[in-house]
Amino acid sequence: MSARVAVLASGSGTNLQAILDHFSALGARGNGRVVLVLSDRAQAGALARAERAGIETQRIAGAALETGLASALASARIDVVALAGFLRLVPPEVTRAFRGRVVNIHPALLPSFGGTGMYGRRVHQAVLDSGARVTGATVHFVNEQFDRGAIIAQWPVPVRGDDTADTLAARVLRAEHAIYPPVVDALCAGTIRLGDDDRIVGRDEPATDAQFRLTT
Ligand code: GRF
């Protein structure tokens, strides 16, 4: 049976688009479908992308996010939640109710360059300022703390001598688009899950396949 996926996004929604495109390409072999896109920002490009794809959208911000997100997800009978550039902390009520079913993509190799305030361009600037030669993308489960849930998949991206935060962001974004959708599908399929000890249980082939595609 196809899992019902909600995507939460604050920005342009290119990761949302990658997930939509992946499920379209999988067709009947896909294990989920995006049925709801939620945003805290009315202007988010992600909402426009969802509307173009005929997917229900909701704007949920401020106090409504704290009090209404869990019920919005429950009334849409959501199985899996994918954060894609969502800038707000997911309320603990949601992370508890959806334990092991909420994932996020982060544009660096966690546990480095994550946490409160580390989003968007700031992440890439911090990587450049640190002198690190490698950065990357990380898919992880979401818990009550920013960027601290169990790591599911990662892919490295080189930092070049002439990189700016913008050129680095663009290179990392391509890695995000490759590794995130297969993980969302694997979560829908139940082939990756969060164990009782907060460690990953399951196969890592979906991410590995995406990584292979990325490098060939
Ligand atoms: C991505 O870099 C994502 O990792 C980060 O925010 C950015 C969102 O991009 N959390 P988009 O809205 O998916 O285009």
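The values are calculated or read from the model by the stated rules, or taken from the named source; none is laboratory data. Every value quoted in this text rests on a predicted model; they were computed, and no experiment measured them. Note that we place each Cβ from the backbone using ideal geometry, even for glycine, and neighbour counts take in every protein chain shown. These area figures cover heavy atoms from the full protein model, side chains too; ligands, DNA and RNA do not enter into them. Shrake-Rupley method; radii C 1.70, N 1.55, O 1.52, S 1.80 Å.
Across region 167-182, what is the total count of residues that are within 22 Å of Arg29 (Cβ to Cβ) and surrounded by fewer than 23 Cβ atoms within 10 Å (Cβ to Cβ)?
Filtering region 167-182 for residues within 22 Å of Arg29 (Cβ to Cβ) gives 177-182.
Subsequent filtering for residues that are surrounded by fewer than 23 Cβ atoms within 10 Å (Cβ to Cβ) retains 177-178.
Adding up the residues that qualify gives 2.
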Subject >> Given (1) exposed (fewer than 14 other Cβ atoms within 10 Å of the Cβ); (2) more than 23 Å from Gln17 (Cβ to Cβ); (3) in contact (Cβ under 8 Å) with a residue 40 or more places away in the chain, number of the condition Gly131 does not satisfy >> reply: (3)
Original post:
Only one of (1) open to solvent by 20 Å² or more (accessible area, probe 1.4 Å); (2) part of a loop (DSSP other than H, G, I, E, B) is not met by Gln154, so which one is it?
Top reply: (2)
**OP:** Would you mention how many residues in region 19-56 are open to solvent by 20 Å² or more (accessible area, probe 1.4 Å), in a helix (DSSP H, G or I) and small (Gly, Ala, Ser)?
**Re:** 6
**OP:** Collect the residues in region 93-128 that are in contact (Cβ under 8 Å) with a residue 60 or more places away in the chain and away from the ligand (no atom under 13 Å from the Cβ), keeping them in residue-number order.
**Re:** Arg99, Gly100, Arg101
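Could we say that Asp196 is at pLDDT 95 or above and either outside any helix (DSSP H, G or I) or open to solvent by 20 Å² or more (accessible area, probe 1.4 Å) (or both) here? Give the derivation first.
Numbers: at pLDDT 95 or above: no; either outside any helix (DSSP H, G or I) or open to solvent by 20 Å² or more (accessible area, probe 1.4 Å) (or both): yes.
Judged against the criteria, Asp196 is not a match.
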**OP:** Could you tell me which residue of region 3-18 is farthest from Ile60 (Cα to Cα), considering only residues that are open to solvent by 20 Å² or more (accessible area, probe 1.4 Å) and not in a helix (DSSP H, G or I)?
**Re:** Arg4
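Counting only residues that are within 16 Å of the ligand (Cβ to nearest atom) and in contact with a helix residue (DSSP H, G or I) (Cβ under 6 Å, 6 or more places away or on another chain), how many does region 16-33 have? Please lay out each step first, then the result.
The first filter runs over region 16-33 and keeps only residues within 16 Å of the ligand (Cβ to nearest atom), leaving 16-23.
Filter once more, keeping what is in contact with a helix residue (DSSP H, G or I) (Cβ under 6 Å, 6 or more places away or on another chain): 16-19, 22.
The number of residues fulfilling the criteria is 5.
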**OP:** Can you tell me which residue among Asp40, Asp21 is within 19 Å of Arg4 (Cβ to Cβ) and not small (Gly, Ala, Ser)?
**Re:** Asp21
